[in-house]
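The values are calculated or read from the model by the stated rules, or taken from the named source; none is laboratory data. Computed from a prediction, not measured in an experiment: that's the story for all the values here. Cβ placement follows ideal geometry from the backbone for every residue including glycine, while neighbour counts extend to all protein chains displayed.
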Amino acid sequence: MDLFEISQASKNAENAPLAYRMRPRNLDEIIGQEHIVGPGSALRRSIDKDQLHSFVLFGPPGTGKTSIARIIAKITSSHFEQIQAVTSGVNDIRKIAADAGERLKYYQQKTILFVDEIHRFNKSQQDVLLPFVEDGTLRLIGATTENPLYELNNALLSRIKLYILESLGEEDITQVLINAIKDKERGLGNLDISIDEESLKIITGICKGDARMALNILETAVNSYLSENGSLKINAGLLQKIIGRPLVKYDKTGDYHYDTISAYIKSIRGSDPDAALYWLAVMLEGGEDPLFIARRLIIHAAEDIGLADPYALTLATSTAYAVNFVGLPEARIPLAEATIYLATAPKSNSSKTGIDNAIGIVQKTSSIKVPSHIADNSHSKAGLLGKGKGYKYPHNYGGYVKQKYLPEDLEGITFYQPGNNGYENKIKLFLTQLDKK
């Protein structure tokens, strides 16, 4: 690198976004991930011993995945290559691996390949990468916001370790912001900037553990409202002008999508309408498809409420129709109504248990034969086969008459056990009275 390139790089750094300039320079500057890179951690020890292994960093945005990879490359004096999984093909991987092999052979320098969004790697990309990771030509560091256990094949997973990064807490984000305000070399320390505690809480609440988002909000405030003399007091009113409304981080195809719908349904099952409404609000604000929510309400009404309140399924089905008919934002109201009703309804999973028990028996039964007396006798010749012979028509006996409906080898088996909640008490009483008859 010549003097011109050094000068240009310096200017680029000065003009870079605040979040880029404030990236940690060493492992000790990384905030909130001590369990991964703190002193004594497994990864830190492998770095200190120069025994770095390939691994994937899995965690929310803005938690330091890229910074960790770059710092490790610097500490280990490794050559650093960064690619995006969605834009890099197998030829790119082969070229990087070939160069890495030459570099290792002639200069004894290791190469770290940093793959952003590694969960988007397809099978071909993974197959090409595998041998180079296996023989040590490349030290792979992957970064992903999605669980790689669902996306990476077993061959690659068996050769890497997985480290889970946590969302930064409020204290962590506050520290990131204060560091940026005070830092005179890379941050805003040469300006007269102050921020009150209320504003810090607002930013930490909005960014949901994302340090990059927090720094972007801070930089926007400075760029938009810094006075001519270089001073700025950041308060709630100023932030409201910038932010407008809180942003909800929500990925409709990833882990958080499934975790949130799980929390929603389990809150309804646990008869907690307040928690259920909260998770419903998270999904709606995050842009979740309201019909997806409605479908899950239908499933829940049948699976977890069932015959304890048969109307629950009717309401859930009507809600799905209403959501499809009116759309958002009004659809939030029938969704909320159904959520509250189902959460406060009596619960029973007897329908699910009953059909699952029956399916289990069917799967184990080698031969299934319909008893002749309840077989179809609508055909004029059915009587010749004995079909329908001996069948007792319940209405001729006042609505009920005891007779066999199951195959002979299953006679007496019970699949459905009515619960003790809601309408199922009436069902239990009805069946008890039938047994007495």
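General observations
- Scope the range 71-127; condition more than 29 Å from Asp28 (Cα to Cα), among the hydrophobic types (A, V, I, L, M, F, W, C) and either crowded, with 18+ Cβ neighbours inside 10 Å or touching a residue at least 12 places away in the same chain (Cβ under 8 Å) (or both); matching residues: Val86, Val90, Ile93, Ile96, Ala97, Phe121
- Top-ranked residue of the range 193-247 - restricted to ones that are outside any helix (DSSP H, G or I) and acidic (Asp, Glu), ranked as surrounded by the fewest Cβ atoms within 10 Å (Cβ to Cβ): Glu228
- If you go through the range 55-79 and keep only what is in a helix (DSSP H, G or I) and small (Gly, Ala, Ser), you end up with Ser67, Ala69, Ala73.
- For the range 342-364, a residue qualifies if it is farther than 25 Å from Tyr264 by Cα and without any contact (Cβ under 8 Å) to a residue 24 or more places away in the chain, and the qualifying residues are Ile359, Gly360, Val362, Gln363, Lys364.
- Scanning the range 158-173 for residues that are within 20 Å of Ala42 (Cα to Cα), out of contact with any Phe, Trp or Tyr (no Cβ under 7 Å at 6 or more places or on another chain) and outside any loop (DSSP other than H, G, I, E, B) turns up nothing.
- Scope the range 19-54; condition outside any helix (DSSP H, G or I), closer than 18 Å to Leu162 by Cα and of a type outside the set (A, V, I, L, M, F, W, C); matching residues: Gly32, Gln33, Gly38, Gly40, Ser41, Gln51, His53, Ser54
- Listed conditions (1) surrounded by 15 or more Cβ atoms within 10 Å (Cβ to Cβ); (2) without any contact (Cβ under 8 Å) to a residue 60 or more places away in the chain; (3) within 21 Å of the chain's Cα centre (by Cα) are all met by Leu130, apart from (3).
- Boolean, Ile164 is in contact with a His (Cβ under 9 Å, 6 or more places away or on another chain) and in contact (Cβ under 8 Å) with a residue 40 or more places away in the chain: yes
- Residue in the range 38-52 that is in contact with a Phe, Trp or Tyr (Cβ under 7 Å, 6 or more places away or on another chain), at pLDDT 95 or above, surrounded by 11 or more Cβ atoms within 10 Å (Cβ to Cβ) and under 22 Å from Val115 (Cα atoms) present: no
- Every residue from the range 131-153 that is under 30 Å from Asp259 (Cβ atoms), touching a Leu at 6+ places or on another chain (Cβ under 8 Å) and not in a strand (DSSP E or B): Val133, Pro148, Leu149
- Criterion: of a type in the set (A, V, I, L, M, F, W, C) and within 35 Å of the chain's Cα centre (by Cα) - qualifying residue of Leu226, Leu177: Leu177
So that you can scan it fast, the table gives a plain yes or no per residue for (1) among the β-branched types (Val, Ile, Thr); (2) modelled with pLDDT of 95 or more; (3) closer than 23 Å to Tyr416 by Cα:
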| position | (1), (2), (3) |
| --- | --- |
| Gly286 | no, no, no |
| Phe292 | no, no, no |
| Ile299 | yes, yes, yes |
| Leu307 | no, no, yes |
| Thr314 | yes, yes, yes |
| Thr317 | yes, yes, no |
| Phe325 | no, no, no |
| Glu330 | no, no, no |
| Leu335 | no, yes, no |
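- Residue in the range 101-117 that is more than 32 Å from the chain's Cα centre (by Cα), assigned to a helix (DSSP H, G or I), of a type in the set (Lys, Arg) and closer than 21 Å to Gln33 by Cβ present: no
- The listed residues are Phe292, Phe325, and the only one of them that is of a type in the set (Phe, Trp, Tyr), over 23 Å from His257 (Cα atoms) and surrounded by fewer than 16 Cβ atoms within 10 Å (Cβ to Cβ) turns out to be Phe325.
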